[in-house]
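The values are calculated or read from the model by the stated rules, or taken from the named source; none is laboratory data. Just so it is clear, the structure is predicted and the values come from calculations on it, not from any experiment. These area figures cover heavy atoms from the full protein model, side chains too; ligands, DNA and RNA do not enter into them. Shrake-Rupley method; radii C 1.70, N 1.55, O 1.52, S 1.80 Å.
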Amino acid sequence: MTEYILYLPFFVYGTLLPGERYFRLWREAIDDMRPAMLDGACLYDLGYFPMALDATQGEVRGMVVWVRPSSYAAALSLLDQLEGVTLPPRGNPGYRRTRRIVRLTGGSSLVAWVYLGHEAVVANLKPIAMDWKRYKRRVVNAL
């Protein structure tokens, strides 16, 4: 039986962004990228990487990334592994991949895959009120 793949773009907001640690792992598969926002979400700092969660208010800034169809299955598998999607949920610092509406800079909206975290992981953390790259620069400059 052949598995059906839904060819949605990805909304990324942390270590998968250009210039970040894991961008190199999938840059060759990328066809296009555009700045975007995920409304109704908050971003948290887990140390070496961020985690976004659904929220009643807030927004997470990042990029919508389109992957070439010929590389899509491999990119999806890589990102799911990297984000720990297949790990058991108990005590899991991993993410779940879900479809969300994201807003491109300029106002249009589209559906994209987003990796969202689990509330238990960020229970004692305060949300970050800016995008991950700007936040990281501030943390590094404060040292």
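GNM remark for the chain: springs join alpha carbons under 10 Å apart, and the peak mean-square fluctuation among ALA29, ALA52, ALA123 falls on ALA123. The angle separating the long axis of helix 132-142 from the principal Cα axis of greatest extent in the chain is about 40 degrees. Fully extending the segment from ARG24 to LEU78, taken as 0.36 nm per residue of separation minus the present Cα-Cα distance, adds 18.2 nm. Computed over protein heavy atoms with a 1.4 Å probe, the accessible surface of the chain works out to 60 Å² per residue.
The sum of -39500 (n - 2.57) across all DSSP H runs of n ≥ 4, divided by the residue count of the chain, sets its helix-only mean residue ellipticity at 222 nm to -4500 deg cm²/dmol. Solvent-accessible surface (1.4 Å probe) assigned to TYR95 amounts to roughly 10 Å². Using a probe radius of 1.4 angstrom, the carbon and sulfur fraction of the accessible surface of the chain is 53%.
In this structure VAL85 has an accessible area near 40 Å², from a 1.4 Å probe over the protein heavy atoms. Excluding ligands and nucleic acids, what accessible area in Å² is computed for TRP66 using a 1.4 Å probe, to the nearest 10? Using a 1.4 Å probe on the heavy atoms, I get roughly 70 Å². Accessible surface ranking for SER77, SER70, 1.4 angstrom probe, highest first: SER70, SER77. Please report the spacing between the Cα centers of the stretch 1-74 and the stretch 111-143 in Å, no decimals. Here the answer is 14 Å between Cα centres. Fully extending the segment from LEU110 to LEU125 would add 2.4 nm, taking 0.36 nm per residue of separation and subtracting the current Cα-Cα distance.
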